[in-house]
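Below you'll find the structure, written out as structure tokens, and then a few comments.
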Amino acid sequence: MNYFGAIGPWQIITILFILLIGIVPTIVALIDILKSEFKGNNKLIWVLVVLLFNFFGAVIYFLIGKEQKIQTKQVKKID
């Protein structure tokens, strides 16, 4: 039997939307982690947390991990 015929276009769109909601925060968190500087092994730990816990790991990173980044001073260039 073929059960794929029972899935309509709206169900497929809903499934893809839910998957994107789960994947996008994870990707954004990983990009932010890899571009930032952390003390010690914190970068590796945050990458593992985000990869292992996906959506919830990304939420935890945005709530807690952003405060652990090393702040760099931005120097303004004068031409």
ask   = For the range 36-55, how many residues are over 25 Å from residue 21 (Cβ atoms) and loosely packed, with under 14 Cβ neighbours inside 10 Å?
value = 5
request  = Can you tell me which residue within the range 56-79, out of those that are at pLDDT 90 or above and either farther than 28 Å from residue 19 by Cα or surrounded by 10 or more Cβ atoms within 10 Å (Cβ to Cβ) (or both), is farthest from the chain's Cα centre (by Cα)?
outcome  = 64
Pairs with Cβ under 8 Å, 6+ apart, first in the range 18-36 and within 14 Å of residue 49 (Cα to Cα) and polar (S, T, N, Q), second crowded, with 17+ Cβ neighbours inside 10 Å and modelled with pLDDT of 90 or more = 26/50; 26/57; 26/58
request  = Kindly establish whether residue 24 is surrounded by 14 or more Cβ atoms within 10 Å (Cβ to Cβ) and over 19 Å from residue 72 (Cα atoms).
outcome  = no
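The values are calculated or read from the model by the stated rules, or taken from the named source; none is laboratory data. This structure is a prediction, so every number in the text was calculated from the model and none was measured. Don't worry about glycine lacking a Cβ; one is built from the backbone with ideal geometry, like all the others, and counts go over all protein chains shown.
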